[in-house]
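The values are calculated or read from the model by the stated rules, or taken from the named source; none is laboratory data. Only a predicted model underlies this, so the values are computations on that prediction, with no experimental measurement involved. Neighbour counts run over all protein chains shown; Cβ positions are idealised from the backbone, glycine included. Keep in mind that these areas ignore ligands, DNA and RNA; they rest on the heavy atoms of the full protein, side chains included. Shrake-Rupley method; radii C 1.70, N 1.55, O 1.52, S 1.80 Å.
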Amino acid sequence: MSTQQPEDTEPEEQLDSALVTARRQLERAATHIDVDDGVIERLKHPTRVEQVSVPLERDDGSVEVFTGYRAQHDDVRGPYKGGLRYHPEVNADECTGLSMWMTWKCAVMDLPFGGGKGGISVDPKSLSNDEKERLTRRFAEELRYVIGPTTDVPAPDMGTDAQTMAWFMDAYSMQQGETIPGVVTGKPPVIGGSYGREEAPGRSTAIIAREAVDYYEKELEDVTVAVQGFGSVGANAARLLESWGADVVAVSDVNGAIYDPDGLDIESIPTHEEEPEAVLEQDAPETLSNEEILELDVDVLIPAAIGNVITADNADDIAADVVIEGANGPTTFAADTILEERGVPVVPDILANAGGVTVSYFEWLQDINRRKWSLEEVNEELESKMLDAWNDVRTEVEEKDLSWRDAAYVVALSRIAEAKATRGLWP
């Protein structure tokens, strides 16, 4: 697709790849702490990136070959951990950049994992259910020698779900000759998945939003919230915040947003999973675009849909008092700089939506120990981990006068650097 602009318009911000952004964030974080240059150089590069061909027999008998990837960024603190996505734009650089973010996310949460990411370059909507199963099982076979419960533990991501992980685990286990539920997380609970895993990113986003509201000396009952995206993350965050007393005044899905300054009845709105694209069918005084919801004058804005929605082109129009990133990478580097200059705090994704990987860690523990946790145990442990991480990041904010994003990266990088220094470089 052409990126040329008409001569009579100003060019829009050119969005960097996940890899470029991840490296830039690493370099920026490194300026705030005393870390050996060699460690920073090592962290700019993944340990390995596997590229595999994944042949698929279509339902009509034809054969099509897709390309799959698995980027393994760093395992100094433990096995690689991160999602598998099915999307047409999956490529090696994207997987590498996202695997770097997973390294930081696991470290800021103090989980014994490193970062991984992978997927197949395919439009999942073009696959029948049987084709998706065959593709997933073949992908598991192609990756079998680089994954495992103590090596690299995948999870669901865009275009994949709990059923995908069930197929992946079954294919891996069949080849290994024993049932190994810990090879992936995000499975259905009936075969070793954890209760609360699907809701976890939204729950953690809500927890962090609640803590941020308290930090900036407001009462949750007096706060207005806008949530872009009403999938698993956005809907669960919105429902929790409403149950805690906040007024969620706007939510959106892919078709647009609904807005009621007096507060919406969030419980009555189906999530994208429950009823796709149902938001605009709800009664509300006003409808907005997905761009306009970002510019509402609210206390808390939660972009929880896709990446790169807050850019240099609209950062000056963000009217919220604080931004909590529910999606991965919703704020570009340039927009982040503008918001910081304007005094609008942005709590980053690697902290806010880290509930997903945290409950994946709980699932991994349950699988290894063959002991199921109740939903109450999961939620209690998640609350504890999120508050610990919030307090660690808040300490850096206050002691070093850093932004929330810089502080989160400082916490993560400090832990990774200490682990690398302790283990050393061999040979």
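Would you be able to tell me the number of residues in segment 75-100 that are in a strand (DSSP E or B), open to solvent by less than 40 Å² (accessible area, probe 1.4 Å) and farther than 19 Å from T185 by Cα?
Filtering segment 75-100 for residues in a strand (DSSP E or B) gives 80-87.
Keeping just the survivors that are open to solvent by less than 40 Å² (accessible area, probe 1.4 Å) gives 80-86.
Now restrict to residues that are farther than 19 Å from T185 by Cα: none.
Of the residues in that region, 0 qualify.
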request  = Please work out which residue is nearest to A278 (Cα to Cα), limiting yourself to segment 196-242 and to residues that are hydroxyl-bearing (S, T, Y) and open to solvent by 20 Å² or more (accessible area, probe 1.4 Å).
outcome  = S232
key: Residue identified as surrounded by fewer than 22 Cβ atoms within 10 Å (Cβ to Cβ) and either under 24 Å from the mean Cα position of the chain (by Cα) or without any contact (Cβ under 8 Å) to a residue 12 or more places away in the chain (or both) among V248, V344   = V344
request  = Name every residue in segment 115-141 that is touching a residue at least 60 places away in the same chain (Cβ under 8 Å), open to solvent by less than 60 Å² (accessible area, probe 1.4 Å) and assigned to a helix (DSSP H, G or I), in order of residue number.
outcome  = E131, L135, F139
request  = Would you please name the residue that is surrounded by the most Cβ atoms within 10 Å (Cβ to Cβ), looking only at residues in segment 177-188 that are in contact (Cβ under 8 Å) with a residue 12 or more places away in the chain and farther than 28 Å from P348 by Cα?
outcome  = V183
task = Looking at (1) without any contact (Cβ under 8 Å) to a residue 60 or more places away in the chain; (2) open to solvent by 40 Å² or more (accessible area, probe 1.4 Å), find the lone condition where H32 falls short.
result = (1)
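Residue-wise test of (1) touching a Pro at 6+ places or on another chain (Cβ under 7 Å); (2) among the aromatic types (F, W, Y); (3) under 18 Å from G231 (Cβ atoms); (4) in the same structural domain as D253 (by the TED database).
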{"site": "G307", "(1), (2), (3), (4)": "yes, no, yes, yes"}
{"site": "T311", "(1), (2), (3), (4)": "no, no, no, yes"}
{"site": "A315", "(1), (2), (3), (4)": "no, no, no, yes"}
{"site": "A319", "(1), (2), (3), (4)": "no, no, no, yes"}
{"site": "V322", "(1), (2), (3), (4)": "yes, no, no, yes"}
{"site": "E325", "(1), (2), (3), (4)": "yes, no, yes, yes"}
{"site": "T331", "(1), (2), (3), (4)": "no, no, no, yes"}
{"site": "A334", "(1), (2), (3), (4)": "no, no, no, yes"}
{"site": "G343", "(1), (2), (3), (4)": "no, no, no, yes"}
ask   = Which one of the conditions (1) part of a loop (DSSP other than H, G, I, E, B); (2) open to solvent by less than 10 Å² (accessible area, probe 1.4 Å) does A335 fail to meet, given that it meets all the rest?
value = (1)
message = Of all residues being in contact (Cβ under 8 Å) with a residue 40 or more places away in the chain and buried (at least 22 other Cβ atoms within 10 Å of the Cβ) in segment 304-321, which is farthest from A354 (Cα to Cα)? Just the residue, please.
response = A320
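Return the residues of segment 347-370 that are without any contact (Cβ under 8 Å) to a residue 12 or more places away in the chain and open to solvent by 50 Å² or more (accessible area, probe 1.4 Å); say none if nothing qualifies.
N369, R370
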query = Assuming W373 fulfils every condition listed in (1) open to solvent by less than 60 Å² (accessible area, probe 1.4 Å); (2) in a helix (DSSP H, G or I); (3) in contact with a Phe, Trp or Tyr (Cβ under 8 Å, 6 or more places away or on another chain) apart from one, which condition is it?
reply = (2)
